[in-house]
Every structure is written in structure tokens, then in C-alpha cells.
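Working notes, beginning with the structure itself.
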Amino acid sequence: MSLLSVNGLSVKFKRRNGDLTALHEVSFSLDRGERLAIVGESGAGKSILGYALVNLLSKPGYIAAGSVQLAGQELTQLNAKQWQGVRGKRIAMIFQDPMITLNPVLSIGDQMVEAIRSHTRIAYKDARKLAIEKLAHVRIAAPVQRFDQYPHELSGGMRQRVIIAIALLLNPEIIIADEPTTALDVTIQAEILQLLKQICLDNGVALILITHDFGVVSRIAERTLVMYAGRIVEQGPTLEIINDPQHPYTQGLLNALPQMALPGQRLNQIQGSMPPLSEHPGGCAFHPRCPYAQDKCREKVPGFVYSGVSTVACYVVEDMLAEFAQYDEEDL
Ligand code: SF4
Ligand code: MG
């Protein structure tokens with residue numbers, strides 16, 4: 001059984017003149033200890049998916065359909081009290097900006113102790129010991145001294161380490177990290193991502209890494225899921241997707257990466273931009289930006305096919321597979 005199993009998850013936003021769909025029937029699974037990346041430009045619905053998984057959608061967002069199961073337990077039906085046993089404890093979240101997550105008027109240590117004691121009845125002394133252990137675990141030097149410091153006394157990278165330490169406090173099975181390094185310098189970003197990966201490996205924790213940056217995905221995630229306008233458009237093993245992207249949107253994202261371009265070659269940005277939620281086009285939502293768009297792309301959402309590399313929703317791939325199948329038949 002998968003650790004996390006998401007099926008047909010749809011999220012809508014309430015509006016007086018008709019609700020807007022932000023997530024369309026998203027399905028995927030995550031195994032124990034697996035590292036999965038969710039990639040797409042801003043506005044693709046990645047964060048909404050992350051929030052929906054842990055029931056933190058802010059109003060007027062709501063789960064309109066589908067299921068999220070954690071080791072067989074349905075999460076979409078839990079009440080607030082039951083969520084206390086899951087969020088933070090079994091599924092921890094790390095957000096982009098550590099200053100939002102950390103309380104500026106409490107010391108690092110007090111925040112950690114509070115996080116532990118809100119879930120488990122242990123003595124202050126033991127909670128303190130555990131917190132210091134976790135600070136050392138994320139390779140913070142002089143953890144005993146850091147314990148008494150305030151967030152503003154730490155660098156951005158150090159604060160993000162503290163956030164990771166907090167996420168680890170209750171030994172979660174899954175960490176969901178939403179753009180965890182975007183606010184940091186490039187060199188610190190790489191360090192933090194490597195740390196996150198190592199920590200997941202050491203502790204058998206599964207990771208869902210939400211990012212707009214394909215560059216970080218290859219170093220971290222074994223499997224990748226690409227989102228566009230509230231839908232998954234491609235998912236499969238990371239290396240295979242990077243080496244042979246099937247969906248034109250995935251191809252566009254990869255072509256726009258500086259490290260994928262040959263010296264002297266211009267970067268190929270995808271034309272246009274992600275449409276706002278209220279203007280998602282019908283059919284394949286990528287069609288206004290897609291160099292291969294045909295009439296049927298504008299009319300009907302393509303279904304998923306397995307390309308041999310990944311599972312992908314695109315008519316071009318579907319047509320190509322149909323053509324190959326025909327040749328195979330003629331060969332017989
Ligand atoms: Fe492009 Fe059509 Fe494929 Fe969408 S379905 S990505 S518009 S070719
Ligand atoms: Mg986001």
C-alpha cells in the first residue's frame with residue numbers, strides 16, 4: 001500500500017457567480033521514504049495541492065471531490081481534533097519564508113518546545129533535550145546556544161535549518177516542503193536542499209518538494225509530477241523526464257533552464273504565461289502557449305497515456321503512440 005494515495009482530488013474556490021476550479025482531479029501516490037517533486041510555474045496549483053493535502057486551504061477554497069489517504073486513513077473526512085494527530089505529527093510542512101513560520105517574539109527553543117508539547121505530554125527538560133538534538137541533526141553548530149536565540153539573530157539559511165528541525169521534531173512520515181529555499185542565496189539553497197534530502201534518507205521520511213525550479217528537482221526527487229493550470233500534465237521518474245520530457249510544457253520548462261542550454265545558445269522561454277484561475281482555457285489549458293496545438297486540443301482535455309517514459313496528458317504523445325501501435329501491427 002502507498003503511504004499517501006491521492007485520488008481525483010479537486011479543489012474549488014467559492015464565488016457568488018459560480019465556483020472556480022483550482023485543482024482538477026489530481027491523482028498520485030507516494031511511497032514510504034520516496035522523494036517526489038511537484039513542478040510548475042507559479043499559478044500552476046502546486047501550493048494549493050500542498051495545502052489541500054493537509055487541510056490548510058484558506059477560505060474560500062474547499063475540497064470539492066476526491067480522496068487523500070494516509071496509509072489507508074481517509075484525511076478529507078477528519079475533524080479539527082483528528083487533524084491534530086496528523087498535521088505536524090505524521091505530515092510536517094515547511095514553507096518558503098522562515099520568517100512567516102517562526103514567531104519573532106519567541107526564542108527558537110521555546111518554539112520548538114511548544115511544538116513538541118502541543119502534541120505530546122513530556123517534561124520541559126526532555127522536550128529541550130529533544131529540540132537540541134534536532135538542531136544538531138540539521139547541523140546547526142552550537143545548538144545549546146542557538147536554542148536560546150531569537151529568529152532575527154540567525155541568518156536566512158540558519159532559520160530554514162531551524163524550520164527543518166521543527167518539522168522533524170515529531171518524527172513525521174512525510175515532509176511537504178513548499179519552495180523551501182526560494183528566499184535564500186543560491187549557494188545556501190543547494191546546502192539546504194542537500195540537507196533536506198539527507199535527512200529524509202537518514203530517517204526514512206517521504207518528501208513532497210514543491211518548486212518552480214526544475215534545476216533543484218534532479219538533485220532531490222526520484223519522481224516528478226509536472227502541473228499546469230491545476231492539472232497534472234506529466235508524471236514519472238525524474239531522470240527519465242529530464243532526459244526525455246514528453247509533454248510540451250515540460251519540454252518548455254526544461255528548455256528555459258540555464259544549465260540545460262549549450263554555451264552560446266539562447267534560452268528558450270515558453271511563450272506567454274500561466275493563465276489566472278478565472279481564465280483557464282478549455283480543452284488542454286496549455287494550448288494557447290503550445291507550439292503543437294491542434295483543433296482537438298482546444299476542445300477536450302486529453303486523457304493520460306503511458307509514453308514509455310512517463311504518464312502524460314497530451315494529444316501529440318497519444319497520436320504518436322497510436323502511430324507506433326499501427327506500425328507494430330503492420331510488422332506482424
Ligand atoms: Fe499542446 Fe495539444 Fe499536447 Fe496540449 S494536448 S500540450 S495543446 S499538443
Ligand atoms: Mg506556490
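The values are calculated or read from the model by the stated rules, or taken from the named source; none is laboratory data. What you see is a predicted model; the values in this text were computed from it and never measured. Note: ideal-geometry Cβ built from the backbone for every residue, glycine included; neighbour counts use all protein chains shown.
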Any residue at all in the stretch 228-237 that is of a type in the set (A, V, I, L, M), under 23 Å from residue 91 (Cβ atoms) and touching a strand residue (DSSP E or B) at 6+ places or on another chain (Cβ under 7 Å)? yes
Within the stretch 143-155, how many residues are modelled with pLDDT of 95 or more and either among the hydrophobic types (A, V, I, L, M, F, W, C) or out of contact with any helix residue (DSSP H, G or I) (no Cβ under 9 Å at 6 or more places or on another chain) (or both)? 3
Got at least one residue in the stretch 20-29 being within 26 Å of residue 270 (Cα to Cα), in a loop (DSSP other than H, G, I, E, B), assigned by the TED database to the domain that holds residue 200 and within 16 Å of ligand 1 (Cβ to nearest atom)? no
Can residue 104 be described as outside the structural domain of residue 199 (by the TED database), loosely packed, with under 14 Cβ neighbours inside 10 Å and more than 16 Å from ligand 1 (Cβ to nearest atom)? yes
Would it be correct to say that residue 324 is more than 16 Å from ligand 2 (Cβ to nearest atom), surrounded by fewer than 18 Cβ atoms within 10 Å (Cβ to Cβ) and at pLDDT below 90? yes
Against the conditions (1) in contact with a strand residue (DSSP E or B) (Cβ under 9 Å, 6 or more places away or on another chain); (2) in a loop (DSSP other than H, G, I, E, B); (3) more than 19 Å from residue 218 (Cβ to Cβ), where does residue 7 fall short? Just the number, please. (2)
Do we have any residue at all in the stretch 58-67 that's among the aliphatic types (A, V, I, L, M) and assigned to a loop (DSSP other than H, G, I, E, B)? no
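Within the stretch 32-80, can you find the residues that are of a type in the set (D, E, K, R) and either within 16 Å of ligand 1 (Cβ to nearest atom) or surrounded by 14 or more Cβ atoms within 10 Å (Cβ to Cβ) (or both)? Talk me through it step by step, then tell me what you get.
At the first step, the residues of the stretch 32-80 found to be of a type in the set (D, E, K, R) are 32, 34-35, 41, 46, 59, 74.
Answer for the stretch 32-80, where residues must be of a type in the set (D, E, K, R) and either within 16 Å of ligand 1 (Cβ to nearest atom) or surrounded by 14 or more Cβ atoms within 10 Å (Cβ to Cβ) (or both): 32, 34, 35, 41, 46.
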Can you name every residue in the stretch 16-55 that is within 21 Å of residue 274 (Cα to Cα) and more than 16 Å from ligand 2 (Cβ to nearest atom)? 19, 20, 21, 24, 25
Could you tell me which residue of the stretch 173-187 is surrounded by the fewest Cβ atoms within 10 Å (Cβ to Cβ), considering only residues that are within 16 Å of ligand 2 (Cβ to nearest atom) and within 14 Å of the chain's Cα centre (by Cα)? 182
Starting from the stretch 235-249, take each residue that is without any contact (Cβ under 8 Å) to a residue 24 or more places away in the chain and list its partners that are assigned to a helix (DSSP H, G or I) and of a type in the set (Ser, Thr, Tyr), counting only C-beta distances under 6 angstrom and pairs at least six apart or across chains. none
